[in-house]
Amino acid sequence: ITVYNGFTTADIMKNGENLKGHASAAQSGIVIPRPKHPGHYYIVTAPCRFDSPVKELFYSEVDYNDINEKGRGIVIASTKNTQLTLTGVPANSAYENITAVSHINGIDFWLVHRSRGNFYVWLITEDGFTSLTPYKTFAIGVDPGVPADSSGRGQIKISSDGTQVAVSGHNTVTYAKFN
């Protein structure tokens, strides 16, 4: 929820405060390089199922090339806390997991999230997120509903070759092929 510029541990990046998400989420955030834009990164944040007032996914873009910031970076105000939409489920349904994997083309990235009975996948290209709604949604079985307990917690991992995905949750493990 706070982005530091890396020069000192106390130097907060310009516009780097109050990113949505939550520090106690199982996977609270991930940084993904913007394809073909050296010095640009996306920070994607996830909520905590218990403590976050808004349980959605958000992204913000960081620019390390801004000449006014002299390599210290800036969170671009126009993209800060841009909401990614989960389709087919009620609002505030995001779980605490996010991961990313390289596209088979070696340039682009896939952002992957699991919530309720679905995997949600967004494509990130040199033009940014191709859509705020998922590029693809895959049903994975039982929908436990919007969790009131720890069922929204857990982590998601993709195999190093990008062909398999696994999610650990409260007393559950979900495994699937990823293509």
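The values are calculated or read from the model by the stated rules, or taken from the named source; none is laboratory data. Just so it is clear, the model here is predicted, and its values are computed rather than measured. For neighbour counting, all protein chains shown are included, and Cβ atoms are generated from backbone atoms with ideal geometry for every residue, glycine included. Keep in mind that these areas ignore ligands, DNA and RNA; they rest on the heavy atoms of the full protein, side chains included. Shrake-Rupley method; radii C 1.70, N 1.55, O 1.52, S 1.80 Å.
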(request) Kindly indicate whether Ala46 is of a type in the set (A, V, I, L, M), open to solvent by less than 20 Å² (accessible area, probe 1.4 Å) and modelled with pLDDT under 95. (result) yes
(request) Could you please give the count of residues in the stretch 103-131 that are within 12 Å of Phe178 (Cα to Cα), surrounded by fewer than 19 Cβ atoms within 10 Å (Cβ to Cβ) and in contact with a Gly (Cβ under 9 Å, 6 or more places away or on another chain)? (result) 2
(request) Tally the residues that are modelled with pLDDT of 85 or more and surrounded by fewer than 15 Cβ atoms within 10 Å (Cβ to Cβ), restricting the search to the stretch 49-75. (result) 1
(message) Checking Ser78 against (1) among the small types (Gly, Ala, Ser); (2) modelled with pLDDT of 95 or more; (3) crowded, with 17+ Cβ neighbours inside 10 Å: exactly one of these is not met. Which one?
(response) (3)
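For the stretch 167-176: of the residues being in a strand (DSSP E or B) and touching a Ser or Thr at 6+ places or on another chain (Cβ under 7 Å), which is nearest to His103 (Cα to Cα)?
Our first condition is that a residue be in a strand (DSSP E or B); within the stretch 167-176, this holds for 167-169, 172-176.
From what is left, the residues that are touching a Ser or Thr at 6+ places or on another chain (Cβ under 7 Å) are 167, 169.
Numbers: Val167: 20, Gly169: 26 Å.
If we take residues in the stretch 167-176 being in a strand (DSSP E or B) and touching a Ser or Thr at 6+ places or on another chain (Cβ under 7 Å), then Val167 is nearest to His103 (Cα to Cα).
Anything in the stretch 16-43 that is farther than 21 Å from Ile124 by Cα and either modelled with pLDDT under 85 or buried (at least 20 other Cβ atoms within 10 Å of the Cβ) (or both)? List them, or say none. Give the derivation first.
Here is the first cut: in the stretch 16-43, the residues farther than 21 Å from Ile124 by Cα are 16-18, 22-26.
Scanning the stretch 16-43 gives Gly16, His22, Ala23, Ser24, Ala25, Ala26.
Name the residues in the stretch 113-134 that are touching a residue at least 12 places away in the same chain (Cβ under 8 Å), within 17 Å of Ile32 (Cα to Cα) and not acidic (Asp, Glu), would you? Reasoning before the result, please.
Keep residues of the stretch 113-134 that are touching a residue at least 12 places away in the same chain (Cβ under 8 Å), which gives 113-126, 128-129, 132-134.
Those left that are additionally within 17 Å of Ile32 (Cα to Cα): 113, 120-126, 128-129, 132, 134.
Result: His113, Tyr120, Val121, Trp122, Leu123, Ile124, Thr125, Gly128, Phe129, Leu132, Pro134.
Kindly evaluate Val101 against the criterion of being at pLDDT below 95 and not in a loop (DSSP other than H, G, I, E, B). Walk me through it before giving the result.
On the way: at pLDDT below 95: yes; not in a loop (DSSP other than H, G, I, E, B): yes.
For Val101, the condition - at pLDDT below 95 and not in a loop (DSSP other than H, G, I, E, B) - is met.
Rundown of residues vs (1) outside any helix (DSSP H, G or I); (2) open to solvent by 30 Å² or more (accessible area, probe 1.4 Å); (3) over 17 Å from Ile30 (Cβ atoms); (4) modelled with pLDDT of 80 or more, yes/no style:
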position: Thr137; (1), (2), (3), (4): yes, yes, yes, yes
position: Pro144; (1), (2), (3), (4): yes, yes, yes, no
position: Pro147; (1), (2), (3), (4): yes, no, yes, no
position: Ser160; (1), (2), (3), (4): yes, yes, no, yes
position: Val165; (1), (2), (3), (4): yes, no, no, yes
